[in-house]
Amino acid sequence: MTQASPISISVVAGQTFLLFNIDDIKYVRQLGIVGSLVGTLPAAPQQNLFLGVPLQLMAEEALWLVEHGYAKLIPDDRFIRDIYDHLSDSDIMLIERELEQTRQKERSWKIQEHQAKLDRLGVTKRGGSNDKELIEQGLTVVVNNTPSRLPSYVFFKRLYEESDILQKNLLSGLRKDTLSYRVFSYLKSTGYYMAPGLRFGGRYIAYPGDPLRFHAHLIVNCVGWNEDIGLVNMVGGGRLATGVKKLWVIGSQDPDKDQNVQCFSVEWAGFG
Amino acid sequence: MSQELLIETELEDEVQPWEYLNSANLKRGQKDFEKDDTQIQNSTLQDSLDHMYNALSVPRAHTVKQNVKAYYQDGQWRSELKGNFMQTMGVVRNDWCYLTEEEIIYLVERGTVEPIWVKNGQEVTMDLQSVYAMCATDLVRYQVYSNLKRCGYIVQRYTPRECATVRKPWYLPTMFRAVLRRLDILNWFIFPAFTSSWLKSKFLTYSSIFESIRLQFKPQRQAAPTYPLDITFDVWKPDPRFTKKSPPLPDFQIVIVDVSSTRFPTKNQLDDLFKRVEYQGRSQESLSEAQGGAKEKKRLKDGSNCVLFALVDNGVINYMRLSQGNLSSANVIPTKKARGPTQRTTK
Amino acid sequence: MSKRTSLNAKYPHALPVHPIALPELILHNPISWIWFTICYIKSFPTVSRTVVQFKDGCFAVDSPEEMMTLWNEGFFGKGTMSRSEPTWYDRTQKRLGLGEFKNLTIEEITILRREERKKFKRERAQLEKKQKELKSMGIVDPFIEERLKLKELRDKDITIPLERETFIRPEDDVLVVKGHLINIEQLQLQPCEVMFLEFALQSVTVVTDGVALSSNQLLEVLWPTKSADDSFIVKYVVYHYYRSLGWCVRSAIKFGTDFLLYNRGPPFHHAEFALHVVPNYNDTQKNTATAQDFTMLSGLNRVIAGVRKNLVLVFVDIPTQEEIDKAGSFQDILSLYSISEVLLRRWVPNRNRD
């Protein structure tokens, strides 16, 4: 699916980058940005293996999307407040009317279904207020992921997206020149998909393709060009990575030369 | 690679295929190691993605009957006094149940509560993104909260409690023991370690050799840490008898760490933290004294004054348990004495 | 005889310094008292003295008897051509057909294991090849039987051959002199082991270029900087502390950390604790600057948990440089440090765990 205009990444509580719109999530995935789902899945709220919306992006992922023109940043606290503050009484009445229309449709459908059921059971007595109450209680309450249905949503979204000053301000928190971003970009350009690496003692883990289909290959650490890695750390990292069937990778870049990021991999070897 | 290098992986380590969301036994899916550009690989991937997007698109809906409304006004969230969650969440005041930031996001996200914006007496149903925007100030804290809630725990913001005095087992006072040792005539002939006369000492056991070379450490004065660590949550295992009004001691306590911005604490910070933790069973920890065998081993490995650190890395959560160790209390000196020549002829 | 008793018999000495052996005291027998007292007065602790060569930055013992002494009496050092206990001589004798057949050494067991593993990998590669062929034709995986066979292979125990094959290489000429195998293996010691044996147990003499080093000269070699947070002194304090409690302390480099603690020694029990040494300065700024990284510790924790050991952070309080300079003896210097332990463990929020 192609997107003509850039999507918006919500900046929440300071420096967290979230996507609430499922279409946006699909879009960035096609670009090789996976993120991490961090919300409770309403369909299965008592487990932690499968989580739902919102999708959290690493700072590097957000920066990559913005830098390549695929996304803009939106400060949600201001954005949302603007939308709600601008709700006029007539706006709210309109929303209520629409909701009531949807309810009415659902109501009549449920009544039809209920009557059909009674017909099948051969019951002739049509219940009065009891049935009505039951149907009313059975109507659906839906909580959406985004406020896209509210009247001034599109207006304010465009306002924030097109303000260059704002975009610049928000971006200043994200720096392109950090080593971690350079290593991220480099690995991404060779086709890897990255995810947070805490579980494996690294900055990132890298997959050769979509994580839903592939095992991760690499545990990536970023080290300064002249930083002392420590042989003992290398041994430990190599052992951990080999033990979970991955490679331990160190990525760095010479700050004085205009070169590519260099990566080396370490794995545990056995000598006879 | 030899077998002994293999490290066990858990389900959480791998991205699981969403086809298993509804299956009773979640087993490891068959994933590939390399891209082979076959049609099968691509279509399997697309299937997996479709499963995931479908599950994500299931609307956050429930019936009017189950619905609990929560109103956002003047920066606060208050809900109706309705719903099972009230047993463990929120504070009741003036016929409303007031919810914290993490409680409201959790309840809205899982589909239990309908968030409502109140303006000039009018009400508008909000959405998930708006709820996050309006009240999320600490998302790392929220993510740990909801992770624990999804496992079934009862989670509340930390309340400082007075730590119960730890009943120490009764030891002979050190001075008395030293005097006793002096009375032990056989110890009169042990010379100071690290001197040339040490090897002329009359060591009867390995114990005495090990003891004589022990170092005397200077007692350290502890300065209070500049940045003491904050305990964020008290956590209880699921308990049907739990009451908000008078909760029992928590089962454990959580300190939250954002790994992108925080380094491991200093010894000062940890010592200060260990003094403040309080949970079920803490005061009994040092009582299970050296009884040898499995119990002592467990005590040695468990330590005392434990606290859980929740490490958060861009939405991924790992927990680390920290406790104070006391390996010097372990009984590892070999006790077998050397046997010498006997008066009688050996058999 | 139980395994425990046979181990105690094989390794009767926990250190190269032995307590005095006294006869049994029969309380009601006055002669026994006299004999006991005489033995007491006449006896002194026996010491298994060894000589350690210091050459090219390495501390090593090359006398075969002394190598075995240091290993058997406290499990010090590592054979330069073995995994831990120096067994190169035995293995090579067998390989060259020179000696009797004894029990398999751990190196030999590892070789057998690796051969079995290679076999398993060959079969698995074949299976994967077949799968790939079928995949490109659009068929997915019917190989349940083969998979089961693979699983069997993997879980099978290694079979120990009754007779060892000899395997002689042309370069083995240099090893055999007048029909006898010469020993080229040494026992290599870590700096803290040498220091402990020399300073604390006084059972070792360190020799370089034929000249014995005094204690001060040895300290000069091991700790030339005399700086309070030099890694030698910080690690030595930890090594000495746990050794004096009775633990057998060895290197944990293969797990990416500092020390392993064994109860009695490797042949007795697997190591239970892995120690990660962390210097703790009096200066908050310095502590913050050198603070550990959570992600790294998380990874280390995982490795240690994977080998069923417990990770211990050993904080060592570092004295000021002034205190070090003012201190008199090495013993005084050591007392300026102190140790505290923090246990680290993974925790999984499964309801049944603690």
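Among the residues of region C:249-264, is any among the basic types (Lys, Arg) and either at pLDDT 95 or above or open to solvent by less than 10 Å² (accessible area, probe 1.4 Å) (or both)? Checking region C:249-264: at least one residue is among the basic types (Lys, Arg) and either at pLDDT 95 or above or open to solvent by less than 10 Å² (accessible area, probe 1.4 Å) (or both). Out of B:Asn120, B:Asn94, one residue alone is more than 9 Å from every other protein chain (Cβ to nearest Cβ), out of contact with any Ser or Thr (no Cβ under 6 Å at 6 or more places or on another chain), at positive phi and not small (Gly, Ala, Ser). It is B:Asn94. None of B:Ser246, B:Ser261 is more than 8 Å from chain C (Cβ to nearest Cβ), at pLDDT below 95 and under 30 Å from A:Met58 (Cβ atoms) except B:Ser261. When the helices (runs of 4 or more DSSP H) confined to region C:1-89 are screened for residues that are among the basic types (Lys, Arg), away from chain B (no Cβ under 12 Å) and under 26 Å from C:His270 (Cα atoms), those reaching at least 1 such residues are found at C:3-10.
Per the listing A:Leu218, A:Leu174, A:Leu240, the residue uniquely modelled with pLDDT of 95 or more and either on the phi > 0 side of the Ramachandran plot or open to solvent by less than 30 Å² (accessible area, probe 1.4 Å) (or both) is A:Leu218.
Based on what the data block shows, is A:Ser180 within 14 Å of chain C (Cβ to nearest Cβ), closer than 24 Å to A:Ser10 by Cβ and polar (S, T, N, Q)? The answer is yes for A:Ser180.
Considering every residue within region C:335-346, establish whether at least one is β-branched (Val, Ile, Thr) and either surrounded by fewer than 22 Cβ atoms within 10 Å (Cβ to Cβ) or not in a helix (DSSP H, G or I) (or both).
We begin by selecting, within region C:335-346, every residue β-branched (Val, Ile, Thr); these are C:339, C:342.
Now drop any that are not either surrounded by fewer than 22 Cβ atoms within 10 Å (Cβ to Cβ) or not in a helix (DSSP H, G or I) (or both), which leaves C:339, C:342.
Yes, that holds for at least one residue.
For region B:61-88, enumerate the residues that are among the hydroxyl-bearing types (Ser, Thr, Tyr) and either within 14 Å of another protein chain (Cβ to nearest Cβ) or touching a Cys at 6+ places or on another chain (Cβ under 9 Å) (or both).
Taking region B:61-88 first, the residues among the hydroxyl-bearing types (Ser, Thr, Tyr) are B:63, B:71-72, B:79, B:88.
B:Thr63, B:Tyr71, B:Tyr72, B:Ser79, listed by residue number.
In region A:57-74, the residues that are on the phi > 0 side of the Ramachandran plot form Cβ pairs under 9 Å with partners that are of a type outside the set (Asp, Glu) and surrounded by fewer than 22 Cβ atoms within 10 Å (Cβ to Cβ), at six or more places apart or across chains, as follows: A:Gly69/A:Pro6.
Search region A:44-63 for residues being open to solvent by 10 Å² or more (accessible area, probe 1.4 Å) and within 14 Å of the chain's Cα centre (by Cα), and hand back the single one that is farthest from B:Tyr153 (Cα to Cα).
Step by step, filter region A:44-63, then rank; the result is A:Glu60.
May I ask you to say which residue of A:Ser185, A:Ser252 is touching a Cys at 6+ places or on another chain (Cβ under 9 Å) and of a type outside the set (Asp, Glu)? Only one candidate passes the filter, namely A:Ser252.
Consider A:Gln56 carefully, then state whether it is facing chain B (nearest Cβ under 9 Å) and either part of a loop (DSSP other than H, G, I, E, B) or touching a Lys or Arg at 6+ places or on another chain (Cβ under 9 Å) (or both).
Working: facing chain B (nearest Cβ under 9 Å): yes; either part of a loop (DSSP other than H, G, I, E, B) or touching a Lys or Arg at 6+ places or on another chain (Cβ under 9 Å) (or both): no.
For A:Gln56, the condition - facing chain B (nearest Cβ under 9 Å) and either part of a loop (DSSP other than H, G, I, E, B) or touching a Lys or Arg at 6+ places or on another chain (Cβ under 9 Å) (or both) - is not met.
How about region C:200-307: which strands (runs of 3 or more DSSP E) wholly inside it have at least 1 residues that are touching a His at 6+ places or on another chain (Cβ under 7 Å)? Give the steps one after another, and end with the answer.
Numbers: elements: C:204-208, C:248-251, C:259-262, C:273-280.
Per the criteria, C:259-262.
Residue-by-condition table, conditions (1) at the interface with chain A (Cβ under 9 Å from one of its Cβ atoms); (2) modelled with pLDDT under 70; (3) assigned to a helix (DSSP H, G or I); (4) over 35 Å from the mean Cα position of the chain (by Cα):
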site	(1), (2), (3), (4)
B:Tyr20	yes, no, yes, no
B:Lys27	no, yes, no, no
B:Gln41	yes, no, yes, yes
B:Gln46	no, no, yes, yes
B:Asn54	no, no, yes, no
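Number of residues in region C:283-325 that are among the basic types (Lys, Arg), more than 14 Å from chain A (Cβ to nearest Cβ) and in contact (Cβ under 8 Å) with a residue 40 or more places away in the chain equals 0.
The values are calculated or read from the model by the stated rules, or taken from the named source; none is laboratory data. Keep in mind that this is a model prediction, so the values were computed, not measured. Please note: Cβ atoms are built from the backbone with ideal geometry, for glycine as well, and neighbour counts cover all protein chains shown. For accessibility, only protein heavy atoms count, side chains too; no ligands or nucleic acids. Shrake-Rupley method; radii C 1.70, N 1.55, O 1.52, S 1.80 Å.
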